[in-house]
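So that we are looking at the same thing, I have put the structure below in structure tokens.
The values are calculated or read from the model by the stated rules, or taken from the named source; none is laboratory data. A quick note: this is a predicted structure, and the numbers were derived from the prediction, not measured. Note that each Cβ is placed from the backbone with ideal geometry, even for glycine, and that neighbours are counted across all protein chains shown. To get the accessible areas, we keep the full protein, side chains included, count just its heavy atoms, and leave off ligands, DNA and RNA. Shrake-Rupley method; radii C 1.70, N 1.55, O 1.52, S 1.80 Å.
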Amino acid sequence: MTFEEIKKILKTKTVGIAGCGGLGSNCAAALARVGIGRLILADFDLVQEGNLNRQFYFYDQIGMLKVSALKQNLFRINPEVRVNTFDIRLCQSDIIEIFSKCDVIVEAFDKAEMKYMILDAVHNHLPDKHLVMGVGMAGWGDNNLIRSRQSDKLIICGDEVNAIADENPPLAPRVGIVAHMQANAVLEILLGVNEHQIHS
Amino acid sequence: MKIILNNKEEELAGDTLTISELLKVKNFTFKMLVIKVNKQLIRKNEYDSVLIHDGDDVMVLHLISGG
């Protein structure tokens, strides 16, 4: 497919992003760049200085709602992308309501409990939706530990072992790799497997 | 019995095993686990009652914080 053909398909698609931290903000940026039609963003938090080591925000956006700052940044990349924002702490009923019209849902929370909550909600109430999760991305190095696997409509991206801790903080490179892996998995769901790619 | 555990073939003693027994045998001691057996999500309160049989496809995912 040419990029024009790709854009024509993606223009009709909606992706939900649950959480706009390191995973969500970078995944949304990648999807806006390739021409996704609509993004539904949810996050209750404000941009803080400590986020700038990995999240797609700028120094002059500190103090803004993440969803508002991200919407601004996405429009600067692609003014045609439609963006719906929800500045709420998502619960199961919110997830079911705001993501029910999405073609794919991206899980981009930080807390393991929230990751479980969305998996449970999507599995039980939106069983026809693909859910792309990010699990394990703290620290640096060990590129080859980062991978993805699929079980039915659930896709897991990440190393599945490196939880964040004071001595193992999340940093731009590994968080960005997983965020882009999630965006890449979304494209494979929306466009199908790329037949022109070389699979070794 | 032979099962598929996290996409790999695994040989286990006995004909059946509860989820709790499997977690013990494989030394999965994490708190925040997601378990799927043949694509079905298994809840924590079912770990002692749901049985794994020969040929089952089992996914064990350890949810960890970061994102």
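Relative to a virtual label point 7 Å from the Cα of A:Glu97 in the Cα→beta-carbon direction, which members of the stretch A:120-145 show backbone nitrogen distances below 18 Å?
Zone members listed by number: A:121-122, A:125-126.
Principal axis lengths of chain B from Cα atoms, whole Å, largest first?
Taking the Cα atoms of chain B, the three principal extents are 38, 24, 22 Å.
Moving on. Go through A:117-127, B:14-24 and give me the packing order, highest mean Cβ count within 10 Å leading.
Those peptides, ordered most packed to least, come out A:117-127, B:14-24.
State the Cα centre-to-centre distance between the stretch B:1-52 and the stretch A:87-152 in whole Å.
Spelled out, the Cα-based centre of one part sits 22 Å from the other.
Oh, and also: Can you tell me which of A:89-98, A:32-41 comes out highest on packing, and rank the rest after it, using the mean Cβ neighbours within 10 Å?
Packing order, densest peptide first, comes out as A:32-41, A:89-98.
Something else about it: Per residue of B:31-38, count partner chain C-beta atoms within 10 Å of its C-beta, then hand back the mean as an integer.
Mean partner shielding for this stretch: 3.
Which of the aspartates and glutamates could a cross-linker span from A:Lys8 if the Cα-Cα distance has to be under 17 Å and same-chain partners fewer than 8 positions apart are dropped?
A:Glu80, A:Asp103, A:Glu188
OK, next. Calculate the length of the line joining the C-alpha centroid of the stretch A:169-200 to that of the stretch A:40-77, in whole Å.
Comparing the Cα centres of the stretch A:169-200 and the stretch A:40-77, I get a distance of 22 Å.
So for the stretch A:1-88, averaging the separation of alpha carbon pairs under 8 Å that are six or more residues apart and normalising by length, what relative contact order in percent results?
Numbers: 151 pairs, mean separation 28.7, N = 88.
About 33 percent, as a whole number.
Could you please tell me the mean projected area of the C-alpha convex hull for the protein assembly as shown, averaged over all directions and given in square nanometres to one decimal?
15.0
Continuing with this model, one more query. Could you sort A:76-85, A:13-22, B:29-38 so that the peptide with the highest average Cβ count within 10 Å comes first and the rest follow in order? Intermediate values should be presented prior to the final figure.
Values: A:76-85: 14.1, A:13-22: 26.6, B:29-38: 15.6.
So the order, starting with the most tightly packed, is A:13-22, B:29-38, A:76-85.
Next up: Report, ordered by chain and residue number, the lysines lying within cross-link reach of B:Lys24, taken as a straight Cα distance under 19 Å and ignoring same-chain residues fewer than 8 apart.
B:Lys2, B:Lys8, B:Lys36, B:Lys44
Once neighbouring chains are kept in place and the probe is 1.4 Å, which whole percent of the accessible area of chain B is contributed by carbon and sulfur?
Whole-percent figure for carbon plus sulfur exposure: 47.
Can you tell me the accessible area per residue over the stretch A:134-183, all protein chains present, probe 1.4 angstrom, in square angstrom?
On a per-residue basis, 47 Å².
Over all residues in A:111-121, what is the mean tally of Cβ atoms on other chains that come within 10 Å of each residue's Cβ?
Partner Cβ neighbours, averaged per residue: 4.
Now a separate question. How many Cβ atoms of partner chains, on average, are near each residue of B:54-64 if near means within 10 Å of its Cβ?
5
When only C-alpha pairs under 8 Å and at least 6 residues apart count, what is the relative contact order of chain B, in percent? Mind showing how you got there, number by number?
On the way: 104 pairs, mean separation 30.0, N = 67.
It rounds to 45 percent for chain B.
Grab the DSSP H runs of chain A that are 4 residues or longer, score each as -39,500 (n - 2.57), total them, divide by all residues and round the 222 nm result to the nearest 500 deg cm²/dmol.
Helix contribution divided over all residues of chain A: -11500 deg cm²/dmol.
Moving on. Let me have the relative contact order for chain A, percent, based on Cα pairs under 8 Å that are six or more residues apart.
23
For the interface of chains A and B, what total accessible area is buried with a 1.4 Å probe, rounded to the nearest 100 Å²?
2100
Determine by what factor the alpha-carbon radius of gyration of the stretch A:38-172 differs from 2.2 N^0.38 Å, reporting the quotient.
Expressed relative to 2.2 N^0.38 Å, the Cα Rg reads 1.10.
Any idea of the accessible area per residue across the stretch B:20-67, 1.4 Å probe, to the nearest Å²?
Dividing the accessible area of the stretch B:20-67 by its residue count gives 55 Å².
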